[in-house]
Amino acid sequence: MSESTAGWSTRRKRVVGGTLLGLLGLAAVGMILASVLVPDDGRAREPRTAFVDSGPTEDILQIREVLPRLVEVSTSAGGLPSGTIAFVTDEERLRELVDDPELRAERVSALTDTLTAERAAQHLVEINRGFEEAIPAHNPDWWFVDNNYAAQKWQGISVEADTATVLVTGGQSFTHLQGGFAPSPTYQTLFTLQRATDKPFGWVIADQDSIEVDPPVGLDWTSVWSRWWAPNNPRPLSP
């Protein structure tokens, strides 16, 4: 494990922040699942069929161990330290945290340790865009200080040489910057991983595609639609 990621791992329960813009469909942010929470075409898709594991047993076992961490660290790369700001209306303080050189370096390290170089660069752009939208919004629900990914059902891992295809169903939960808890829907995700022996987890995420299979229990998605998604993505009027 690299020194930078080792430091991140010990801090992540108190230094993980970001915004829930991507989670709620407003904009993309520094989350590994941000780009797949809402299908591009807006239509429901059927879950994929599970397949039998294939490839070296040691690789399959390693992937089951590290994939949740890849998702968590990548997601939390938009992090802000918890306990360093009292109110999200303090735009000046938020800006200081977002622009802090040390936090910027941690953000880049978290992405490059878990994603391919191209994907890391894309997510960094998304993080910065998300921050720019979140800072003036003054919405405490758009910031979180902790996240956890739980793999609920492994549905197939295929390893061929240095590439792995993984089908897994799971979801993340988030703790807000100013308190509160928000689960995301449950998604079946098809991941493409590349072996990366020079990276902390031995693999990096090259691609992913997710299908929502179950909304989070206790979260009123009608309310989410009316408060965040609908004003920015209005449904077409019925004839």
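Brief remarks follow.
- The residues of the range 92-126 that are within 12 Å of VAL73 (Cβ to Cβ) and small (Gly, Ala, Ser), listed by number, are SER109, ALA110, ALA120.
- Strands (runs of 3 or more DSSP E) enclosed by the range 122-239 - at least 1 residues per element that are modelled with pLDDT of 90 or more, among the hydrophobic types (A, V, I, L, M, F, W, C) and surrounded by 15 or more Cβ atoms within 10 Å (Cβ to Cβ): 144-160, 163-176, 186-195, 203-214
- Within the range 54-83, the set of residues being farther than 30 Å from LYS153 by Cα and crowded, with 16+ Cβ neighbours inside 10 Å comprises LEU80, PRO81, SER82.
The values are calculated or read from the model by the stated rules, or taken from the named source; none is laboratory data. Quick caveat: nothing in here was measured; it's all calculated off a predicted structure. Heads up, the Cβs are rebuilt from the backbone with ideal geometry, glycines too, and the neighbour counts pull from every protein chain shown.
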